[in-house]
Amino acid sequence: MKAKEALVGLEAVEGEKSGPVVRSLGNRRGDADPSARPSNDMPALKTVNSAKDLAINDALPMFAEPLHVGRPNIGNHGRFLKRASEILQSGWLSNNGPVAQEFERQIEAFLGVKHCVAMCNGTIALEIATRALELKGEVIVPSYTFIATAHALQWQEITPIFADIDPATHNLDPSAVWRMITPRTTGILGVHLWGRPSPVKELEAIAKEHGLRLMFDASHGFGCTLNGKLLGGFGECEVFSFHATKFFNTFEGGAVVTNNDTLAEKMRLMRNFGFQGYDNVIYPGTNGKMTEIAAAMGLTNLEELEDFVAINQRNYRCYRDAIASIPGLSVLEYNESELNNYQYIVVEVAPYFPVSRDRIVEILHAENILVRKYFWPGCHNMQPYKSYYPHAGMVLPNTNLVSERVIVFPAGALLETKTICAITSVLAALMSAAA
Ligand code: T4K
């Protein structure tokens, strides 16, 4: 089925035009035999002749169940359950147990780094890393990232200073970083957004020139390379999130990886309240420990990374190829000469596309396609930063621009290619109906 053949009428939404259409089963809400309702691996076959067939206009949605961004990648259930059973029998559930230690060794081997300090989530890992690096004053960070990157600094009473991004890469623009340096700056926290590497070399040069510490939020970047080297080994340390929605998950979890022995030792103590042995506390620490069950999930998922990548890459190519024929929409591309995890399907809506980004999101949500506007509106437009720096947006034109354009689409192993065709057919329909 060609995307353009699968038109969904848009008249009532954007104008009075009708379009050809493909889907059959285009009943109104309440008309359908429930047994005929579609499931996610069998897209609805509703005929859409006009805008009245859009779910936003009270027609049946295209999918019976919501299609989510960030469905977890889950490895072999049997092997996970075996590990879980062994944990239960062992009577050791947390506090640097044997499974967490095994997990750390395997992550170190996989990434080729000296130390993996596993944590309970990526946010705490960021906080511990910034403390261990003794960052203070101001730290330069992108605003176009998940709020946790900024909050981790703020929570440590470090001022996040938002630098603009390069609209082509969505990552920090080195010249913008350079402009934000003040006498109070102590570090740069780059983010490898969508798993696409930050401009590491340029940031290293700036950090060196100004005597700043450099670390990365690699939450999206597990399994991705820069010049053939896996993310994890850059800067003084890198932080991963192993949250359920990430390419590689431990239910909840995270880690700081580093080649610095002293830093690693400090972070190991900090994640356990600062205890050095029984009864002896030498740092103000917190509870950042990874549980045994989380580590068991990690060990299980590590065994299937190649399969996860293959599925994600298939999904990515399917979206990219279908969307390529829709003027005004583009999929953010991954550099296929590097390793990528292809976890995020990021689509940009050009200003000349006939339907606004927000309207597209509304239309897709009504069809049960739960796309997201990550990372709109940018950290600088969220509290407390919005109140602290009401004029920050003036130096963040690209952040504002990109965050107004992006839609992240459902992906993951449960998504079949025919489902992706159905999703992209709605987009094609929006274009055609308004043409
Ligand atoms: N730095 C960066 C750059 C990050 O992106 C993140 C986290 C962090 C730091 C902090 O790391 P953690 O402390 O989280 O380890 C989600 C995640 O909760 C968050 O981890 C992630 N970034 C962010 C990008 O996405 P929300 O607020 O969008 O979550 P939520 O509940 O709306 O879920 C997203 C989608 O995933 C939904 O459509 C539902 C689906 N989902 C979610 C879960 C938890 C599932 O299908 N299954 C699930 O188990 O933040």
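The values are calculated or read from the model by the stated rules, or taken from the named source; none is laboratory data. Here the structure is a predicted model, which is why all the values come from computation and not from measurement. Heads up, the Cβs are rebuilt from the backbone with ideal geometry, glycines too, and the neighbour counts pull from every protein chain shown. Note: areas computed on protein heavy atoms with side chains; ligands, DNA, RNA excluded. Shrake-Rupley method; radii C 1.70, N 1.55, O 1.52, S 1.80 Å.
Results, tabulated for the structure shown:
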item	result
Cα-Cα separations in the chain greater than 30 Å, expressed as whole percent	48 percent
At 1.567 mPa s and 4 °C, Stokes D of segment 227-268 from Kirkwood alpha-carbon radius, µm² per second	114 µm²/s
Violating pairs (Cα-Cα greater than 20 angstrom) within the set 114/246; 208/386; 136/266; 229/266; 136/373	114/246; 208/386; 229/266; 136/373
FRET efficiency, 1/(1 + (r/R0)^6) with R0 41 Å, evaluated for residue 229 and residue 278 via beta carbons	0.55
Förster radius 30 Å - calculated FRET efficiency between residue 317 and residue 244, Cβ distance, rounded to 0.05	0.75
Axial C-alpha extent at least 24 Å, average Kyte-Doolittle at least 0.0 - helices from the chain (DSSP)	417-434
Global size of segment 287-435 as Cα Rg and Dmax, reported in angstrom	18.2, 56
In order through segment 238-253: 3J(HN,Hα) via Karplus (6.51 cos²θ - 1.76 cosθ + 1.60), integer Hz, x for Gly, Pro	10, 10, 10, 9, 10, 5, 3, 7, 7, 3, 10, 10, 10, 6, 10, x
Aspartates and glutamates whose Cα lies under 12 Å from that of residue 418, excluding same-chain neighbours fewer than 8 positions away	41
Other-chain or far-sequence residues with amide H under 5 Å of residue 369's (modelled H)	67
Length added when fully stretched, residue 90-residue 287, from 0.36 nm per residue minus Cα-Cα	68.7 nm
Estimated distance in nm for a label pair at residue 179 and residue 134, the labels positioned 7 Å out from Cα along Cα-to-Cβ	3.3 nm
Accessible surface of the chain [probe 1.4 Å, protein heavy atoms]: carbon and sulfur percent	55 percent
By average C-beta atoms within 10 angstrom, highest first, the peptides 164-171, 141-148	141-148, 164-171
Eligible aspartates and glutamates near residue 289 by straight Cα distance, threshold 16 Å, same-chain separation 8 or greater	102, 104, 127, 252, 265
Label-point gap, in nm, between residue 147 and residue 307 - each point 7 angstrom along Cα→Cβ	3.6 nm
Gain upon complete extension [residue 169, residue 356; 0.36 nm per residue less C-alpha separation]	65.1 nm
In nm, spacing of pseudo-spin labels at residue 106 and residue 386 (7 Å Cα→C-beta vector)	4.2 nm
Candidates 175, 403, 330: whichever shows maximal mean-square fluctuation once the chain is modelled as a Gaussian network with Cα springs under 10 Å	175
